[in-house]
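The values are calculated or read from the model by the stated rules, or taken from the named source; none is laboratory data. Computed from a predicted structure; not experimentally measured. Here Cβ is always computed from backbone atoms with ideal geometry, including for glycine, and neighbour counts include all displayed protein chains. Accessible surface areas use protein heavy atoms only, side chains included; no ligands, DNA or RNA. Shrake-Rupley method; radii C 1.70, N 1.55, O 1.52, S 1.80 Å.
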Amino acid sequence: MAKSKGSVVLDIQKFTFPISGITSFKELNKSLNMHAKTTVLKQANTLAPKRFMDINIDNQQAIFVERLRTINDLPVVLDQDYLLTPPVSSLPAGVAEDSIYEYLEKELHLKVSYATKAITVEKAADDIAEKLQLDDDKLVVIVRSLSYLDDTTLFQLTSSYHRPDKFKFIDFARRKKI
């Protein structure tokens, strides 16, 4: 009998999503070997919400994209993004199914730099609970973020809804000397 070279087993019960960094879902899918699928549920030109997190946004045009991320046919994440126009001038069909950040950086030559994020657990709206196939309590982990370019221009508002039974947050922290 041949010796086994070993294997890596991915715990499909929970996936570690990097909250403290900016990683595209495509990059995460590849690095964790999740075999996830992205389905674009909606893409439309619209106005950004008037208020998002702690900032007011007044009559800002945006491209709205709603994407469902599934792993083994189980919905695990629902992303709702508003890409502000300007600076995002366009989003061709098919890009949101692959990688928005890859398109922004390679085709539009925008330099994605940093984001501020807030993580909460809330009761999901009925439509979100249905899309994520949530339990009766309808609790969902929501990661809201404001993403900025290198020159500090706000370009993206995101609400990322995660099934709590498939979400795990791990961060690296270092004590500062005072």
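Leaving out ligands, DNA and RNA but keeping every protein chain, what accessible area does residue 51 have, in Å² rounded to the nearest 10, with a 1.4 Å probe?
Spelled out: residue 51, probe radius 1.4 Å, area about 130 Å².
Not counting ligands, DNA or RNA, and with a 1.4 Å probe, what is residue 41's accessible surface area in Å² rounded to the nearest 10?
For residue 41, solvent-accessible area is about 80 Å².
Using a 1.4 Å probe on the protein heavy atoms only, what accessible surface does residue 153 show? Give it in Å² to the nearest 10.
Result for residue 153: roughly 50 Å² accessible.
So if I take the alpha carbon set of region 109-153, get Rg, then get Rh from the Kirkwood formula, what is the Rg over Rh ratio?
Looking at region 109-153, the ratio lands at 1.21.
If you take all C-alpha pairs in region 19-178, what percent of them are over 21 Å apart?
Tail fraction, whole percent: 48.
If the chain between residue 58 and residue 111 were fully stretched, how many nm would it gain, using 0.36 nm times the residue separation less the Cα-Cα distance?
Extra length from residue 58 to residue 111 when fully extended: 16.7 nm.
Order the following by accessible area, largest value first: 126, 98. Probe radius 1.4 Å; ligands, DNA and RNA are ignored.
Highest to lowest solvent-accessible surface, that is 126, 98.
Could you give the nm distance between label points at residue 85 and residue 47, where each point is 7 Å from its Cα heading toward the beta carbon?
Between residue 85 and residue 47, the label points sit 1.6 nm apart.
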